[in-house]
Amino acid sequence: MDAFVYGNRRSLPESFAEFLAVAHTAIVSIDLHQGHLADTPDCPCPAPRAREIVAPVNRFHAAARALAVPVIHVKSVLRRDGSDDVNGVKSAWRFVFPLHVGAIPNADQHALQGSRWTQFATEVADGDHVIDTKKRLSAFYPTDLDFLLRNMGVKRLVLNGCMTDCCVLNTAFDASNVGYRVSVAQDLVRGTDADLEAAALKMISLHIGLVVESGDLIAEWRRQRGADKASISRARQKVAGFWPASRHRERATHR
């Protein structure tokens, strides 16, 4: 399979199997909710470039579910009274991000519990998991994501969502630092702008894990699942050959 190293497509050696194995893998989809994606003037923290990945993310998740890969949706949710952000110790982005993008008129409403801004824009299927206690820039803080993953036996993560240079990058670092193998689907993430997105993906490819295309990953997982089925079929045939039908009948007669 191929991956992107510093923006260049390269074939991976077999030693990267521990990143690509479909077993013990989960998808973590980050912050694809209305607080970023609503196409309205009052959107409290607009990430307009990410709107174009909603449909592709949904398709990727559907294909992954069919291969028994669990999907975990993470979103930011803050207390209604703002005590864990705007009326407490404000998140740093609220100070520095407007220096670049300008004032964000409705920013104080971002991610408030019970508001429409916390509603997912992507599909959440029965059997998916939701993490809704993210309050800063990583899906791991201050959430129970790590606790959930370890209880599920997960060893590998595939990240998608927004923004590549912010919450995706922070999540990737945290995941790697606590021992997960990380892949980021570059076609299913979007950053503040194309330059920052590319820079974040380059950093991930050099220091954290794999940068891949989602279609390549699904194809690899399907190949592995097909190989698993073929192995099971061969094992069954071997057992059937060891216990021919006549011996099955004989054993049944003596019971």
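The values are calculated or read from the model by the stated rules, or taken from the named source; none is laboratory data. Predicted, not measured: the structure shown is a model, and the values here were computed from it. Neighbour counts run over all protein chains shown; Cβ positions are idealised from the backbone, glycine included. Heads up: the accessible areas ignore ligands, DNA and RNA and are worked out on the full protein's heavy atoms, side chains in. Shrake-Rupley method; radii C 1.70, N 1.55, O 1.52, S 1.80 Å.
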* Asked: Suppose every K and R has +1 on its Cβ and every D and E has -1 on its Cβ; what is the size of the dipole of the chain about the Cα centre, in Debye to the nearest 20?
  -> 1520
* Applying the Karplus parametrisation 6.51 cos²θ - 1.76 cosθ + 1.60 with θ = phi - 60° to the phi angles of the stretch 152-163, what ³J(HN,Hα) value in whole Hz is obtained for each residue in order, glycine and proline being reported as x? -> 7, x, 7, 10, 10, 10, 10, 9, 9, x, 9, 9
* Asked: With the chain treated as a Gaussian network of Cα nodes joined by springs under 10 Å, which of His73, His33, His24 yields the largest mean-square fluctuation?
  -> His24
* Under 18 Å Cα to Cα from Lys135, which aspartates and glutamates show up? Leave out anything in the same chain fewer than 8 places away. => Asp31, Asp81, Asp84, Asp85, Asp108, Asp144, Asp146, Asp165, Asp174
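To the nearest 500 deg cm²/dmol, what mean residue ellipticity at 222 nm is calculated for the chain from DSSP H runs of n ≥ 4 alone, each contributing -39,500 (n - 2.57), summed and divided by the residues?
Numbers: 9 runs with 99 residues, N = 255.
The per-residue figure over the chain is -12000 deg cm²/dmol.
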* Carbon and sulfur: what percent of the stretch 1-135's accessible surface (1.4 Å probe)? -> 52
* Asked: Which of the listed residues, Gly82, His33, Leu20, is farthest toward the dipole's positive end in the stretch 1-156, when Lys, Arg count +1 and Asp, Glu count -1 at the beta-carbon?
  -> Leu20
* Structure fact -> Computed ³J(HN,Hα) along the stretch 75-88: with the Karplus parameters 6.51/-1.76/1.60, θ = phi - 60°, integer Hz and x for glycine or proline, the list is 9, 7, 9, 10, 4, 4, 7, x, 5, 9, 7, 4, 10, x
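Over the chain, what is the mean sequence separation of C-alpha contacts under 8 Å (at least six apart), divided by residue count, expressed as relative contact order in percent? Intermediate values should be presented prior to the final figure.
Details: 421 pairs, mean separation 66.8, N = 255.
26 percent.
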* Whole number in Å², please: accessible area per residue of the chain, 1.4 Å probe, ligands, DNA and RNA not counted. => 51
